[in-house]
Amino acid sequence: MRPMLSLVLVLLLTAPLLADDAKPEGKMEKVTYADHVLPIMRQRCGSCHNANDKKGGLVVDQYAALMEGGASGSSIEPGDPGVSYLWLLINHEDEPKMPPNADKMAEAELAVIKKWIELGALENAGSTAKIKKGPSLAKIEVSGERPAEVAMPAKFLGDPVIRTDARNSVTALATSPWAPLAAISGYQQVALYNTQTLDLMGVLPYPEGQPHIIKFSRTGDLLLVGGGQGGASGKVVVYDVKTGERRIEVGAEYDTVLAADISPDQSLIALGGPKKMLRVYATATGELVYENKKHTDWITAIEFSPDGVLLASGDRANGLIVWEAYTGRLFYDLIAHKAAVNDISWRPDSNVVASASADSEIMLWDMQTGNRIKNFGAHGGGAEAMDYTREGQLVSTGRDKLARLWNGDGAKVRDFGGLTEMGMEVAYDAETKRLLAGDWAGIVHVWNAEDGTLIGQIDTNPPTLAMVIDQAQQSLAQVTSDAQQKAQALAALQQQKAAREKAAQDAQTQATQAAQQAQVMTAAKGEAEKKVQQQQAALKAAVDALAKTDAAYKQAETLATQAKQGLDAGQKALANALAAAKAAEPPVQESQNAVNAAKAAFEAAQKTVTDAGDQATDEQKQAVATSEAALKDADAKLAAATQAKQTADKAAQDRQNEVNVLNEKHTQAQAALTQAKGEHDKTAQQRDVAQKEVDAATAALNAAIAAEKKAAEAAVAAKAAADKAIEAAKVTEEQAKAMQAAEAASAAAQQSVQSAQQRVERLKTAAG
C-alpha cells in the first residue's frame, strides 16, 4: 500500500470520530458562521476588519480569513472559547477590548458567538467540526531582520535513508537565509550540508518520494520539502532545522508536488503540481484555506512575497499569476513568456518579482503596475532556476551548463562554469557568499561568488554516518598535518621577519652608536680646535713676550757691551793715569832729594857763613846764595814734581773713580744683561713649550679631524647599513600579503583542526 494512500485512509477513518468527540451531548441545532455569526460580524466589526481595511491583519467577513487570524495570531480555537483570542476581546476579558471605546456586544450576540466556538466554529450547515491534524505552526510576525538565534542542526540528523550506486539528479536545492546551510534533494531524503565546510550535517527522511521543491522559511528555522510519487501522491512536509523533526505536513495530492512555499509569517503553505491546482493550506490547522485552478498546465513554481502580501505561481504553459496571498484573489496575470515558467523569486523589498523561463528569458515585473520592467536572455536553451540574493542580485542556471550572477538591473556580473550537464537548481548562500548550482548529473557545484573560484562539489548520494566519521577522521588527520605545515610556514616567515627586524635593530643600534661616536669625535675635534686656538694664543703671547725680552736682552747686551767698552777704556785710562802717577813719583823723590841736598848745602853754606860770621867770605856768602838759589830751584822743582805727582795722582784717582763708576755701570749692565738673558731664555723656553703645545694640539686636532672623518664615514656607512637593513626589514606588500596569508591560513587551519575535532566528537556522539 502506498504511504500516501494509507495516510489518507487513516485521516478519513479518524476524522469522524474526532468530530463526534467535539459535539456536545444531546441533539442541538448547528450554529454556523454563514447563518449566525457573519451577520453579527458585519454589523459590529466589519467596518474595520474587512478584506480591504484589514485592521490589525484581521478579516472577520470571510470565514477562512477569520479562522486564519490577524497580526496577533490565531483568533478562533474551535471548541474552546476560553483560549480563543477573538472571544476574549469581544467579551472584554483581554486587551484591546472590542469594539474599541464601546460597551460589549449584546449578551444575545455574545452567546451566539460563544456557542458557535463551542460547537466547533462551523462555516455552514454542511460543515463538520474542524479538528487539528496533529502538530501545527504558530503564526509569527513578518520581518526581514536577522533572527536573534540563527538555526543550524543541533546534532547529526541521521544517516541516509537510501544509498544508491548512481547519483540522483538535483531536483531541489535551497540555502538558509541566515545560516551557512544548504539542503539538497535525494531520493526519499533531503541532505543538509554546512556551506562553509561542505560537511554533511545529516539527512532528513522524506518517505513520500522524490523531493521536487525545497525551501527554507524566511526565518531559516523551518525547511519545507515538497514532492512525492509521480502520478500517485504528493505532499509538503515542514521540518525543524535544529532538530530535524517533522513539524507539519499538508496536502494529499494525487500527483507529486512540483512547487510549494511557506508564507513569511508561517501561517500558510501553498503548493501545486501536475494537477494544475494551486492549493493554500493553513499551518495552524492543516486545513485547505482556498484553491485556484486558473493555471492551464502543470504548476512549476510558487513563492510568497517577502512581506507575505502576495503569492506568485507559474506553470508549464508560460502562465505567470500573482494572487492575494490570504484571499486567493487574482492580483495580476502576467503575460510575456513564450515557454514554461520554471522558477519564481521575489526581490527582498517585495516590489519586484522575477520569473525564469524555458524561453531562456528572465523577466522582472513591477508589482505597483504589473508591468514588465526588464527582460534579458539568461541561458541558451532555457533558464531552469533563479533566485534573488539578500542583497538584491540574482543567481541563475540553465541548460547551457552555466550558473550566473546578475545585478538587480539584469547586468551580468560573472559566469560560473564547470557543470557537466544542464543546470537544474541554483541557490546563493549570503552568509558565506557562495553560489551553489546543481546539475542533471547529480552534482552540486559550490563557487566563491566574489571571484568565481570553484570551492568544492557535493553529490546527491550522501554518505552514512560511519563513512562521515571515517572521512572526518581522515580530514582531521589531513587538516592537522596541514595546520602543522601552515604553522611551520608561518613560524618560518615570522622568524625571517624577526631576523630582519633584529638585523635592522642591531644596525640601527650600530648606526646610533656610530652617530654618537661621530658626535663625540666632532666634539673632540671642537675641543681640539679650541685647544689649538688656546695654544696658538699662548704661543703668540710667548712669541710676543720673547720678542720683548729679546729686544730687552739685545738692548741689555748692547748696554753691557758699551759698559764693558767704557770700563775697558776707563781701566786703560786708569792704568795710564796710574802709570803717570807712578812715573811722577821718582821726580818727586828726586826733587825731594835735590831739595834735601840743596837744603843741606844751603844750611851748610849758611852755617859756614854763620860760623864764619863776619868772616864769611863772599865765596861763602856766594855759596849761600848759590845754595839758596839752588834750594829754591830744588824747592821749585820739588813743588813742580809734587804738583805733577798730585796732578797725576788726581788724574789717577779721577780715572779710578771713573773706572769705579764704569765698573758699577758694567756690573749693573751685566746684571741687567744676565736678567734680560734669563728672561729671554725663560720666554724662549716658554715659547718653545708653547710651540710644542701648539704642535701637540695641532697633532691632536689633526688626529681628531681624522678621527671625526673616520667616525663620520663610519656613521654614514652605519647609517647606510641601517637604512639598508631597515629597508630590508620593512614588510613589503608582497611579504605583508604573504604574512597575512600565512597567518590567515594558519588561523584557518587551526580553526579547521578545531572544527574537525569538534565534528569528529560530535559525530562520534551522534553515533552513540
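Every number in this text was worked out from the coordinates using simple rules, so none of it is lab data. Keep in mind it's a predicted model, so treat the numbers as computed, not measured. Quick reminder, even Gly has a Cβ in these numbers, built from the backbone with ideal geometry, and neighbours come from all protein chains shown.
Structure notes:
- Pair Ala108, Val661: separation of 7 Å Cα→Cβ label points (nm): 18.0
- Cross-link check: pairs Lys54/Lys275; Lys293/Lys338; Lys276/Lys401; Lys530/Lys682; Lys540/Lys677; Lys294/Lys338 evaluated at a Cα-Cα cut-off of 22 Å; pairs beyond the cut-off: Lys54/Lys275; Lys276/Lys401; Lys530/Lys682.
- For the chain, relative contact order (Cα pairs under 8 Å, six or more residues apart, normalised by length) works out to 9 percent.
- With K and R counted +1 and D and E -1, the other residues having a Cβ less than 13 Å from that of Thr512 yield a net charge of -1.
- Only Lys, Arg, Asp and Glu carry charge here, each on its Cβ (+1 for the first two, -1 for the last two); on that basis the chain has a dipole of about 660 debye about its Cα centre.
- For the range 137-245: rounded, prolate or oblate by the Cα gyration tensor [a/c cutoff 1.5]: oblate
- Gyration tensor (alpha-carbon) shape descriptor, the range 32-105, a/c threshold 1.5: rounded
- Between Lys497 and Ala232, the contour length at 0.36 nm per residue exceeds the Cα-Cα span by 88.4 nm.
- Label positions at Asp695 and Gln488, each projected 7 Å from the Cα along the C-beta direction, are separated by 7.2 nm.
- Gap separating the Cα centres of the range 265-306 and the range 602-671, nearest whole Å: 190
- Net lengthening on full extension, Lys55/Lys724 (0.36 nm per residue, minus Cα-Cα): 233.2 nm
- Taking 7 Å steps out from each Cα toward its Cβ at Gln740 and Phe376 produces label points 3.1 nm apart.
- Three-way shape call for the range 261-308 based on the alpha-carbon gyration tensor, with the a/c threshold at 1.5: oblate
- Sequence-distant lysines (8 or more away, or on other chains) whose Cα lies within less than 28 Å of Lys730: Lys486, Lys497, Lys502, Lys719
- Listed by chain and number, the lysines placed with their C-alpha closer than 16 angstrom to that of Lys155 are Lys242, Lys764; residues fewer than eight positions away on the same chain are left out.
- Estimated FRET transfer efficiency (Ala541, Asp654; beta-carbon r; R0 41 Å; 0.05): 0.25
- Potential lengthening between Ala551 and Lys572 on full extension [0.36 nm per residue; Cα-Cα distance subtracted]: 4.5 nm
- Counting only DSSP H runs of at least 4 residues, each contributing -39500 (n - 2.57), and dividing by the residue count of the chain, the helix-based mean residue ellipticity at 222 nm comes to -16500 deg cm²/dmol.
- Dipole check for the range 173-463: with +1 at the C-beta of Lys and Arg, -1 at the C-beta of Asp and Glu, and the Cα centre as origin, the magnitude is about 340 Debye.
- Computed from the C-beta positions of Asp451 and Lys294 and an R0 of 41 Å, the FRET efficiency is 0.40 to the nearest 0.05.
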